[in-house]
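**Student:** Below you'll find the structure I mean.
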Amino acid sequence: MDIIGKNAILMHNAEHNIPQMEPWFDEHETSAILDYMQSGGWVTEFTKTREFEKLIADYTGAKYCSVVSNGTVSLFLALVACGVGPGDEVIVPDYTMVASANAVKLAGAEVIFTDIEPTSLCLNLAQIKKAISPRTKAVMLVTINGRYPDDLEQIVTFCRDKGFKLIEDAAQSLGSRKSGRHLGTFGDIGSFSFAMPKVITTGQGGALVTNDEALIEKIRKLRDFGREKPGADHYLTMGWNFKFTDLQAVIGIEQMKKLPWRVERKKAIYALYEKQLKDISEIKFVPTNLTDTSPMFIDILVPAEKQKALVAYLQEKGIGARLFYPALHAEPVYRKQGSYPVTEDMTQQGLWLPSSSKLTDGQIKMVCEAIRTFFTLR
């Protein structure tokens with residue numbers, strides 16, 4: 001049976017014939033889990049977790065890595081380890097997954113939203129400068145969809161000179177680099193996520209990478225009840241149980257073996273979408289350097305008045321599509337005043353097409369043909 005046939009069977013019971021995202025496991029994860037369970041593994045974190053951490057550190061080029069229960073927790077721990085707390089302000093882009101802002105609130109600090117630049121959908125230095133105040137403690141740089149701001153190095157220098165902690169929310173950036181250097185390693189600390197839509201997944205999970213030994217030591221205590229050392233009931237600081245599990249790590253190790261291929265496949269998928277849709281004048285792609293960026297999502301921009309209709313049309317055809325994240329300042333949970341014109345424009349125009357690394361070229365062409373039909377009818 002060919003790959004398309006296998007995928008059709010795998011997705012037969014899915015909500016969409018071509019889902020917007022889906023995880024990708026095979027016999028390697030199954031065998032690894034079975035071997036681990038039969039070996040008498042205790043499931044809780046131990047040697048497999050340490051092995052997974054080393055793989056991530058080696059892949060990103062960071063000195064240290066600590067994996068935790070999920071990406072929101074990793075951001076929260078990064079903030080706390082950097083000394084962020086009540087009375088502090090953290091600058092966060094208005095366009096991001098809500099976990100970026102929620103982690104700041106969880107740490108007891110105030111979220112200060114900024115607009116984004118249209119070329120990368122990331123915050124830039126000009127927006128950061130507008131948002132700073134005497135209470136600014138940190139900047140959360142979200143490298144959304146594996147892209148980085150045009151002035152990344154200037155942001156790093158500015159934060160260092162001002163004494164602001166630079167926390168990289170690189171949840172969507174595993175496999176993406178700038179001039180050979182992995183995103184998530186430019187600031188004081190970087191955070192990754194292993195939730196289902198990511199290029200590799202352990203179901204849930206997060207990782208923190210840094211070159212700062214003092215920071216990683218704080219994180220290792222914070223994630224394990226504040227203990228002096230693992231298993232010792234002597235508590236040096238407030239801490240929580242945010243540990244990983246060896247069972248997840250077994251899956252993560254197998255996923256990491258597939259990461260280099262998936263990174264390149266993601267780039268090829270994005271390039272094929274661009275090629276197939278280039279003749280539709282109403283579709284725009286966010287500028288993406290596929291030498292550096294391995295996009296988590298295939299994101300396109302369409303006229304605002306057709307955005308929701310296109311998503312609905314594709315879903316009717318059994319094709320998963322999803323609107324961009326909303327502008328967080330306007331969400332009921334935050335409701336902040338301010339001017340965020342680029343974020344508002346992007347969220348009213350943007351949507352994600354099927355983006356799984358499992359996609360075949362044939363499926364991509366089917367999606368593009370459906371999009372072409374939509375615009376022909378309208």
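The values are calculated or read from the model by the stated rules, or taken from the named source; none is laboratory data. Note that the structure is a prediction, hence the values are computed from the model and not measured. Please note: Cβ atoms are built from the backbone with ideal geometry, for glycine as well, and neighbour counts cover all protein chains shown.
**Student:** Answer yes or no as to whether V73 is under 19 Å from G190 (Cβ atoms), within 15 Å of the chain's Cα centre (by Cα) and either free of Cβ contacts under 8 Å to residues at least 60 places away in the same chain or in the same structural domain as P197 (by TED's automatic domain parsing) (or both).
**Tutor:** So V73 fits the description; yes.
**Student:** Going through K54, K105, K48 one at a time, which residue ends up being in a helix (DSSP H, G or I), under 22 Å from A330 (Cα atoms) and either at pLDDT 95 or above or touching a helix residue (DSSP H, G or I) at 6+ places or on another chain (Cβ under 8 Å) (or both)?
**Tutor:** K105
**Student:** I would also like to ask the following. Which of the residues that make up segment 1-29 are modelled with pLDDT of 85 or more and more than 13 Å from L247 (Cβ to Cβ)?
**Tutor:** Listed by number, the residues that qualify are N17, I18, P19, Q20, M21, E22, P23, W24, F25, D26, E27, H28.
**Student:** Still on this structure, please answer the following. If I filter segment 235-250 for residues that are touching a helix residue (DSSP H, G or I) at 6+ places or on another chain (Cβ under 8 Å), among the acidic types (D, E) and surrounded by 18 or more Cβ atoms within 10 Å (Cβ to Cβ), do I get at least one hit?
**Tutor:** The answer is yes, given that some residue of segment 235-250 is touching a helix residue (DSSP H, G or I) at 6+ places or on another chain (Cβ under 8 Å), among the acidic types (D, E) and surrounded by 18 or more Cβ atoms within 10 Å (Cβ to Cβ).
**Student:** Is it true that E168 is of a type in the set (D, E) and either part of a loop (DSSP other than H, G, I, E, B) or under 16 Å from the mean Cα position of the chain (by Cα) (or both)?
**Tutor:** Yes, satisfied.
**Student:** Please state which of the following conditions S74 fails to meet, knowing it meets all the rest: (1) out of contact with any Gly (no Cβ under 9 Å at 6 or more places or on another chain); (2) within 30 Å of A249 (Cβ to Cβ); (3) among the polar types (S, T, N, Q); (4) crowded, with 20+ Cβ neighbours inside 10 Å.
**Tutor:** The one condition S74 does not meet is (1).
**Student:** A follow-up question, please. Name the residue that is nearest to A170 (Cα to Cα), counting only residues in segment 201-248 that are among the polar types (S, T, N, Q) and in a strand (DSSP E or B).
**Tutor:** T210
**Student:** Sticking with this one: Kindly evaluate N124 against the criterion of being of a type in the set (S, T, N, Q) and on the phi < 0 side of the Ramachandran plot.
**Tutor:** Yes; evaluated as a whole, the condition is true for this residue.
**Student:** Working carefully through the options I200, I144, find the one that is at pLDDT 95 or above, within 15 Å of the chain's Cα centre (by Cα) and closer than 26 Å to N241 by Cα.
**Tutor:** Criteria check complete, one pass: I200.
**Student:** Taking the conditions exactly as written (surrounded by fewer than 15 Cβ atoms within 10 Å (Cβ to Cβ), under 18 Å from V199 (Cβ atoms) and hydrophobic (A, V, I, L, M, F, W, C)), does A271 satisfy them or not?
**Tutor:** Spelling it out, A271 is indeed surrounded by fewer than 15 Cβ atoms within 10 Å (Cβ to Cβ), under 18 Å from V199 (Cβ atoms) and hydrophobic (A, V, I, L, M, F, W, C).
**Student:** Give segment 108-132 a look and list any residue that's among the small types (G, A, S) and in contact with a strand residue (DSSP E or B) (Cβ under 7 Å, 6 or more places away or on another chain), or say none.
**Tutor:** Correct list: A109, A131.
**Student:** Looking only at residues that are in contact with a Leu (Cβ under 8 Å, 6 or more places away or on another chain) and under 21 Å from N145 (Cβ atoms) in segment 320-342, which one is surrounded by the fewest Cβ atoms within 10 Å (Cβ to Cβ)?
**Tutor:** Ranking the candidates gives L323 first.
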